[in-house]
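First the structure, in the form of structure tokens, and then the observations on it.
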Amino acid sequence: MDKQLNLWIDDCLEKAVDKIKASVYRLGNKIPYIAYDGIYTDVVEERGIDWWTNGFWSGILWQAYHYTDEIIFFEKAKQQENRLMDALSNFRDVHHDVGFLFLPSAVAHYRKTKDEQSFYTGLHAANLLAGRFNIDGNYIVAWNDDKPGWMIIDSMMNLPLLYWASAVTGDPRFYKIAERHAETTARFLVRPNGTTGHIACFDPENGSFIQYIAGQGYSADSAWSRGHAWALYGFILSYRHTQKTNDLLLAKELANSFIRFVKETEYIPKADFLTPENEQIFDTSAGLCAVCGLLELSNWVIKEEKEYYKSYAIKILQAIVSEYADWNTKSDGIIGGATEAYHRYLTQNVHVIYSDYFFFEALLRLKEKHLFIW
């Protein structure tokens, strides 16, 4: 690695760890989501224990413990995991994002320490995700809003929970469900031009396709950038687990189109790639998730492509850090500039916990010191 780049990564990691540690003491047992005016509230009080982002703080803590061996991160990560177990026992609104809850918490814990209870917590979550599979449509049902025909692009990042469950139990049903959902996603939500849709609607009785639906992007036929990043990272993670050539080819196609789009905006992605020229809304969380996807992709391609994808991952990462990093340890949130949803104006240009998670993972990936949780 270039010496100057290595020094930059080390500097970012040192600052990130300092800020994470400061947040640990400030947050206590709270679970953070969006930092308004530099302060994280407890998302459990606002959205519930089963809110989809609730595992990312745990993921940051496990990555910090893996990198530093500092016991404070281990203790806080276990505390968070214990709190998240209420989502399983309450079972009020656990849905397709159960992977986002328990991959960075219980599964990360199990991967790091082989903790027995974490194993069973992760397996419980995997069974809940598998139970959402529509056997006629070959998709995992999204949400719990009386819409059993909906599937979404986000679920590509939840599939690793099923791949993990198959690997640790030897039961192929988890793997097969993940594989079939990925195939349906590829067929209906990845377009020939390398963009992605957010929501596809099917007849839940027979699995026939009905229509596309607008979600967190600009419109039903636009290109929500974080959904694009979910798909990019999700398909290369599927390839890691399946070694199916089509998963790799789709990941490369999505990576190439993502790079093409961010070149137009100095490597910081718009919240939606296909919006009117006069609308300039950005989403750093999409860029940081894509960075992790590009770095994972670089592990599975020939040398020339490896350098290509890695170089663009670094360009995106450095552009976002230059514009949006906040290293002040007295405020919460490291990376600003995220957009939760295109038409949700109060959550544009904010600090969100998953931006910080993917930022931290990306830095650790570049140093080859990350804990693999997916």
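By how many nm would the segment from L274 to T113 lengthen if fully extended, with 0.36 nm per residue of separation less the alpha-carbon distance?
53.6 nm
Tell me, what is the per residue accessible area of the chain in Å², probe radius 1.4 Å?
Accessible surface, normalised per residue, equals 40 Å².
For region 1-76, which whole percent of the accessible surface, found with a 1.4 angstrom probe, sits on carbon and sulfur atoms?
The computed percentage sits at 49.
Compute, for region 298-374, the length of the dipole vector about the Cα centre, with Cβ point charges of +1 (Lys, Arg) and -1 (Asp, Glu) only. Units Debye, rounded to 20.
Result for region 298-374 is approximately 160 debye, rounded to the nearest 20.
Kindly state, to the nearest 0.05, the FRET efficiency for N246 paired with A341, given R0 = 35 Å and r defined as their beta-carbon distance.
E(calc), rounded to 0.05, equals 0.70.
Work out how much length N349 to R187 would gain on full extension: take 0.36 nm times their residue separation and subtract the Cα-Cα distance, in nm to one decimal.
Gain on stretching N349 to R187: 55.1 nm.
Round to a whole number: what % of the accessible area of region 307-373 belongs to carbon and sulfur, probe 1.4 Å?
Within region 307-373, the accessible surface is 46 percent carbon and sulfur.
From largest accessible area down, sort M1, M151, M85; use a 1.4 Å probe on the protein chains.
M1, M85, M151
Can you give the FRET efficiency for E305 and T169, using 1/(1 + (r/R0)^6), R0 = 35 Å, r = Cβ-Cβ distance, to the nearest 0.05?
0.55
Please tell me which of these pairs span more than 29 angstrom C-alpha to C-alpha: K19/K244; K114/K306; K306/K369; K147/K263; K15/K78?
In this structure, K19/K244; K114/K306; K147/K263 lie more than 29 Å apart at Cα.
Per the 1.4 Å probe, what fraction of the accessible area of region 150-270, in percent, lies on carbon and sulfur atoms?
Whole-percent figure for carbon plus sulfur exposure: 48.
Between E323 and E264, what is 0.36 nm times their sequence separation minus the Cα-Cα distance? Round to one decimal in nm.
Separation in residues times 0.36 nm, less the Cα-Cα distance, equals 19.6 nm.
Label-point separation (nm) for N144 and I71, each offset 7 Å from Cα along Cα-to-Cβ?
The two pseudo-label positions are separated by 3.8 nm.
Given an 8 Å cut-off on Cα distances and at least 6 residues of separation, report the relative contact order of the chain as a percent.
With pairs under 8 Å counted, the relative contact order is 18 percent.
With label points built 7 Å along Cα→Cβ from the Cα atoms of Q211 and D37, find their separation and express it in nm.
4.2
The values are calculated or read from the model by the stated rules, or taken from the named source; none is laboratory data. A quick note: this is a predicted structure, and the numbers were derived from the prediction, not measured. Methodologically, a virtual Cβ is constructed for each residue, glycine included, from the backbone with ideal geometry; neighbour enumeration extends over all protein chains shown. Just so you know, the surface numbers come from the protein's heavy atoms only, side chains and all, with ligands and any DNA or RNA stripped out. Shrake-Rupley method; radii C 1.70, N 1.55, O 1.52, S 1.80 Å.
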